[in-house]
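Please treat every number below as a calculation from the coordinates, not as lab data. Please read these numbers as outputs of a predicted model, since none were measured by experiment. Here the Cβ positions follow ideal geometry from the backbone for every residue, glycine too, while neighbour counts run over all protein chains shown.
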Amino acid sequence: MSLWHGTAKSPAGLVYFVFDESDQQLISARFDPRDIEGPARKSSPIHEAFAQYNDGALDAFDGVDVPDAKSAFNVNVYTAMRQIPPGSVQTYGELAARSGYSRAARAVGTACGRNEIVIVIPCHRVVASNGVGGYGYGVDTKVKLLVHEGAEGY
DNA sequence: CGTGCTGTACTGA
DNA sequence: TCAGTACAGCACG
């Protein structure tokens, strides 16, 4: 493990992220500085990806690798989640079905809430069937990201 | 409409 | 085990 961290602006505020140079994976990305590890860096491909995303290249994180989730359920859910195109949203129930667990909407909500890599794993694109749903850093944060991506109705 | 109950799948203690 | 979830659907009033 060879960790370093950095910060980057996003449409919803400053993001603090940790990167593992050994296996080229983004370990975490959060809207608060909790669990920061390693020395700071000012520039990197991750910094660049955020800059491009802010500029409107909404698919800038497609090439960013992340660690495998701890359980098969989470792997399936996060994989399906990253396939939601920018600018569109999916309900917790739809995402559950696409992940292979047709009635696990609530469990998907739990998995989203535990997501450690905001924006790159786009939990903000998962909404409730009757509204925007919740978000770990506040619904306003979620809405800012959706507006930036051009999702309709937010 | 809104509120509340219940089914459901997964997690962490 | 068991309680706790960033849900969904339906029954009531």
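Need one number: nm distance between label points at A:Tyr101 and A:Glu48, each 7 Å from Cα along Cα→Cβ, rounded to one decimal.
3.6 nm
At a threshold of 8 angstrom on Cα-Cα distance, excluding pairs fewer than six apart, so keeping six or more, what relative contact order does chain A reach in percent?
21 percent
Counting other beta carbons within 10 Å of each Cβ, put A:Phe61, A:Phe31 in order, fewest first.
Least crowded to most crowded, the residues run A:Phe31, A:Phe61.
What value, in deg cm²/dmol to 500, does the helix sum -39500 (n - 2.57) over DSSP H runs of n ≥ 4 give at 222 nm once divided by the residues of chain A?
When only DSSP H runs of four or more count, the value is -9500 deg cm²/dmol.
Treating only the Cβ atoms of Lys and Arg (+1) and Asp and Glu (-1) as charged, compute the dipole magnitude of chain A about its Cα centre; round to the nearest 20 debye.
Result for chain A is approximately 520 debye, rounded to the nearest 20.
So the label point goes 7 Å from the Cα of A:Asn130 along Cα→C-beta, right? Which residues of segment A:77-100 then have their backbone N under 15 Å from it?
A:92-93
Need the list of lysines near A:Lys144 for cross-linking: C-alpha distance under 23 angstrom, and skip anything on the same chain fewer than eight residues off.
A:Lys9
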